[in-house]
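Some notes on the structure that comes next.
The values are calculated or read from the model by the stated rules, or taken from the named source; none is laboratory data. None of the values given here were measured: they were computed from a predicted structure. Cβ atoms come from the backbone with ideal geometry, glycine included; neighbour counts cover every protein chain shown.
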């Protein structure tokens, strides 16, 4: 999935289970990107987005999550959610969520 596929904020996305192995360690996600054999680390706010994507979530849902949990305004939450999704899409770690 490319960043061009992220335009629909209501489209449900999920992590590609065959491309990343991950665990929650303390308050961080530690993952292994299997195609590149690179380790990934996700900070506290990203952990909640990551876990939501593990179960399938839309960009709009991630924005609401950031607004509620971290008291961000909608503009900042949207910018942060898009940046997070773009990074994952650039690494080809997202796919359409299974229904």
Scanning segment 5-57 for residues that are crowded, with 17+ Cβ neighbours inside 10 Å, touching a helix residue (DSSP H, G or I) at 6+ places or on another chain (Cβ under 8 Å) and closer than 13 Å to residue 92 by Cα gives 6, 13, 14, 15
If we scan segment 64-86, do we find a residue that is modelled with pLDDT of 95 or more, closer than 20 Å to residue 99 by Cα, under 13 Å from the mean Cα position of the chain (by Cα) and surrounded by 12 or more Cβ atoms within 10 Å (Cβ to Cβ)?
yes
